[in-house]
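Peer 1: After the structure tokens below, expect a handful of questions from me.
The values are calculated or read from the model by the stated rules, or taken from the named source; none is laboratory data. Quantities reported herein were computed from a predicted structural model and do not represent experimental measurements. Glycine also receives a Cβ, built like all others from the backbone with ideal geometry; neighbour counts cover every protein chain displayed.
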Amino acid sequence: MKETQLEQTVRLYGKDILRFCRITTGSVEEGDELYQDTMLTLLEKQEKLDPGQSIKSYAVAVSLRLWKNRRRKTARRLRLAPQQSLEDLQAQGGQPGTAEGTSPEEIVMRKSQLYLVRRLVEQLPEQYRLPLQMYYSADLPVKAIAQILKLPENTVKSRLHRAKVTIRRKLEEMEYDTAAI
Amino acid sequence: MTQQQFERILYQALRPEVAADATAIDDRHRRKRKGTCMNIKKFVKKAGMVAAALVLLGATTVCASGGAVVKRLVSRTESYRYSSFQDMDQAMKKAGFQMAVQERLPGGYVFSEAAVRSTEARDADDRRLFCYYKIDVEYRDASGKTLDLIAHERREGIVDTEHAPGQSRMVGAVTASYFVDHYKLVPAGYEWTQEDEKLARQPGYFISEGSGLNAVQESEVALMTWEQDGICYTLMDMGAQETANQLFAIAGKLVLGG
């Protein structure tokens, strides 16, 4: 990959990759750092890139590997469990323009509800959480997720399904108000 | 809730808006990766992030400190990072103290990177008593094994280990102590068993909770501590892969220099 190709990758897929990094780390700052590392790793590993390979899938796989390494290292080095700081993601809210004419109170409520959903996703076991984050945050198809996680496509599909069922059940248990979204 | 409503919720929650300019490659980051950057990279600037970025240290420290009692230490996740050994002068300048440091250590360990982090000492009511800097120097060998050398100025009320060492030896004019601690990292919401309660009361056994974990992870950490010229040093061997003798040899190299 040459630098111009990297720029093209950033233009085409940068948002999805960055979003995946932020959602996976649970932090804008850490996600941005992971994104920068991912892009530079792409540039350095140019000779290993298969021309027929999806650069976006490769980037997500790289970021996942880097994040796992970093999480392990941080947990050990600081003598603590990995930290999560979802408040900054909470402050961002969701996609703008999906809830027209809402009052400030409703916006705050909507943000806190989206935050709740993110927290529920965070609480999923990794085997269910990662496919969900790849599918929604990185906007990857099931086939690509299966390749990255080295799983059969049907396994990815069933994990996605199970993850959604779990979250939906928890939301319903909490009598979640979808009308506010 | 219909399936369509639910899909919309998931989509909105997991696809927060990302500004296009946030995806640009940061040149400072690039230089740092290439090992030519002499500049400090300061990660977090937003004040709103500070509270979220505070991280509790695993071990609780209880000591007298000018009348107040240091109940726990809170370390900030933000750090100043230095990618080259030549940058250590800057790291020490930032931390406000000089430490004994070597580019190469016995056992094939070579300087990898350094970070300066601030740590707050807090009392039982979570009030800040004082703040101090730590320098964390990471060394790496050819197989990827790492050692961390952590240094800070001696502060009243701060101890780096709370239990008796497994071994102590004179290294030059200082006493170096060797410990092996056991860490159990547990997922958020983990319910402690009776066995956990019992183990947590043992010296050198720590249970720490983190929301990013899905399963319990256990790890041993070997520590070598000493104090020289008012600076407290901790050499940390994750996974306790090196022998006590090897860590004493490394401490000797740092204490005696050369």
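Peer 1: Of all residues in region A:23-44, count the ones that are in contact (Cβ under 8 Å) with a residue 40 or more places away in the chain and over 13 Å from A:Leu66 (Cα atoms).
Peer 2: Within region A:23-44, residues that are in contact (Cβ under 8 Å) with a residue 40 or more places away in the chain and over 13 Å from A:Leu66 (Cα atoms) number 6.
Peer 1: Given the options B:Ala222, B:Ala176, name the one that is in contact with a helix residue (DSSP H, G or I) (Cβ under 9 Å, 6 or more places away or on another chain), among the hydrophobic types (A, V, I, L, M, F, W, C) and more than 22 Å from B:Glu156 (Cα to Cα).
Peer 2: Only one candidate qualifies: B:Ala222.
Peer 1: If we keep just the residues of region B:133-153 that are surrounded by 14 or more Cβ atoms within 10 Å (Cβ to Cβ) and in a loop (DSSP other than H, G, I, E, B), which is modelled with the lowest pLDDT?
Peer 2: Looking at the filtered set, the residue picked out is B:Lys145.
Peer 1: Shifting gears a bit: Say whether the condition of being surrounded by 14 or more Cβ atoms within 10 Å (Cβ to Cβ) and outside any strand (DSSP E or B) is met by at least one residue in region B:223-230.
Peer 2: The answer is no; no qualifying residue exists.
Peer 1: Moving on. If only one of A:Lys56, A:Lys45 is within 13 Å of chain B (Cβ to nearest Cβ) and at pLDDT below 80, which one is it?
Peer 2: Just a single option satisfies the conditions, and that option is A:Lys45.
Peer 1: Scanning region A:120-144 for residues that are crowded, with 17+ Cβ neighbours inside 10 Å and among the charged types (D, E, K, R), which turns out modelled with the lowest pLDDT?
Peer 2: A:Glu122
Peer 1: Right, B:Thr234: in a strand (DSSP E or B), out of contact with any helix residue (DSSP H, G or I) (no Cβ under 8 Å at 6 or more places or on another chain) and crowded, with 17+ Cβ neighbours inside 10 Å or not?
Peer 2: Against the criterion (in a strand (DSSP E or B), out of contact with any helix residue (DSSP H, G or I) (no Cβ under 8 Å at 6 or more places or on another chain) and crowded, with 17+ Cβ neighbours inside 10 Å), B:Thr234 qualifies.
Peer 1: Residues to consider are B:Asp237, B:Asp229; find the one that is of a type in the set (Asp, Glu) and on the phi < 0 side of the Ramachandran plot.
Peer 2: Answer to the check: B:Asp237.
Peer 1: Still on this structure: Taking B:Pro203 as the residue in question, decide whether it is more than 14 Å from chain A (Cβ to nearest Cβ) and closer than 21 Å to B:Arg72 by Cβ.
Peer 2: Yes.
Peer 1: Any residue at all in region B:204-215 that's at pLDDT 80 or above and within 20 Å of the chain's Cα centre (by Cα)?
Peer 2: Yes, that holds for at least one residue.
Peer 1: I've got another one for you. Which one of B:Val110, B:Val101, B:Val74 is assigned to a strand (DSSP E or B), modelled with pLDDT of 50 or more and away from every other protein chain (no Cβ under 12 Å)?
Peer 2: B:Val110
Peer 1: Being assigned to a loop (DSSP other than H, G, I, E, B) and of a type in the set (Asp, Glu) narrows it down to one of B:Glu218, B:Glu195, B:Glu191, so name that one.
Peer 2: On inspection, the qualifying residue turns out to be B:Glu191.
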